[in-house]
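The structure appears right after this line, and notes come after that.
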């Protein structure tokens, strides 16, 4: 069974997670040392030593080279010592099986969103593994309709549920929809720092495993994705088509909440930081700090959802990165909700505001190039005014719109 029922929450990090933090600390110290040495070399060159050969840089020459080599060696020895100490730490299996607290999971989700590709590639225990989470309250109520909700960048499955600080009333799109549709609700947890297409491939396979292991025959699947989650869903559908996975025939509805189909300016701002730092000889080594951001974040720059969009390319390169068109899947009802902090639409508000993170036109799938445009039917598009990106998760008006789209009509229910 691929679903994981939620267990008792724990607040403390496990020994393996502490090892992961120690690994990050060691790698971070080595990275900062490289940056400082690079700046040192830049200043050295500025003083008239530009003619030095690459192999004669500070890291291999004279007293300064000895200092940097000593720092690296000491850091590696200290890191190995801490790792060996924590490896001998008695493992608490009960904690390993327990559900992390919302605070602990939020920390892990942010770390994975910012540098999840690095965590996964280095085998760091802090890297989240994709899994389907099933609320305990619904674990014994399996139905033939699966409702899967997919979170966005730096977020986690627990954040679909929010509470009004004034009234204390909880709101969860998944709970509301599951009740109205008679569906079993599931929540995806994944490493949002990996490439979107990598997560899409894993999701395509995980959904097939979930359907195969489900205790009753699955007749219908509905997917709701917030922000990056919608792009992961699009990627999974495309890869399921290629692999001819059976669950795709059961997918009836695909809903996007503030998904940056045409990219998001948030990553583009980080891209400009790279360019500005790299334009100056002395600050160029600091550009490595900007390039610590994950593959998932840079994929959001242009809304990249396929392997061919990023493979063999420099994801930090300047300029527009062309990508392959991926239209909405045929035969599946697709809907999109776009938020805007403005009170009404206007060319200026559409371009500059959006929901605070995703431009309105991007969330609606609009593009100047017809080949890249996503053709949502007029009745399948909804705009929520005075609504920010995260508010899409807790806005009752969004729930009402989802019910209007997804709740079966009397004719279909027969």
Handout entry: Meets criteria (touching a helix residue (DSSP H, G or I) at 6+ places or on another chain (Cβ under 8 Å), modelled with pLDDT of 95 or more, closer than 14 Å to residue 334 by Cβ and surrounded by 21 or more Cβ atoms within 10 Å (Cβ to Cβ)) for residue 251
Key = yes
Exercise for the section: Given the conditions (1) farther than 20 Å from residue 303 by Cα; (2) touching a strand residue (DSSP E or B) at 6+ places or on another chain (Cβ under 7 Å), report the number of the one that residue 233 does not fulfil. Expected result: (1)
Practice task
Hey, can you tell me all the residues within the stretch 364-414 that are within 18 Å of residue 222 (Cβ to Cβ), in a loop (DSSP other than H, G, I, E, B) and at pLDDT 95 or above?
Solution key: 376, 377
Exercise for the section: Quick one: count up the residues across the stretch 137-174 that are surrounded by fewer than 19 Cβ atoms within 10 Å (Cβ to Cβ) and under 17 Å from residue 396 (Cα atoms). Expected result: 11
Exercise for the section: Please find, within the stretch 101-128, the residue that is modelled with the lowest pLDDT out of those that are outside any helix (DSSP H, G or I) and surrounded by fewer than 23 Cβ atoms within 10 Å (Cβ to Cβ). Expected result: 101
Completion exercise
Per the filter on the stretch 146-176, residues touching a helix residue (DSSP H, G or I) at 6+ places or on another chain (Cβ under 6 Å) and within 26 Å of residue 212 (Cβ to Cβ) are 147, 149, 150, 151, 156, 160, 174
Practice task
Residues being outside any loop (DSSP other than H, G, I, E, B) and surrounded by fewer than 17 Cβ atoms within 10 Å (Cβ to Cβ): count how many of those fall in the stretch 323-348.
Solution key: 3
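Listed here are the residues, each with its yes/no results for (1) touching a residue at least 40 places away in the same chain (Cβ under 8 Å); (2) closer than 26 Å to residue 243 by Cβ.
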site	(1), (2)
141	yes, no
147	yes, yes
153	yes, yes
166	no, no
178	yes, no
185	yes, yes
195	yes, yes
200	yes, yes
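The values are calculated or read from the model by the stated rules, or taken from the named source; none is laboratory data. Here the structure is a predicted model, which is why all the values come from computation and not from measurement. Virtual Cβ from ideal backbone geometry, glycine too; neighbours counted across all protein chains shown.
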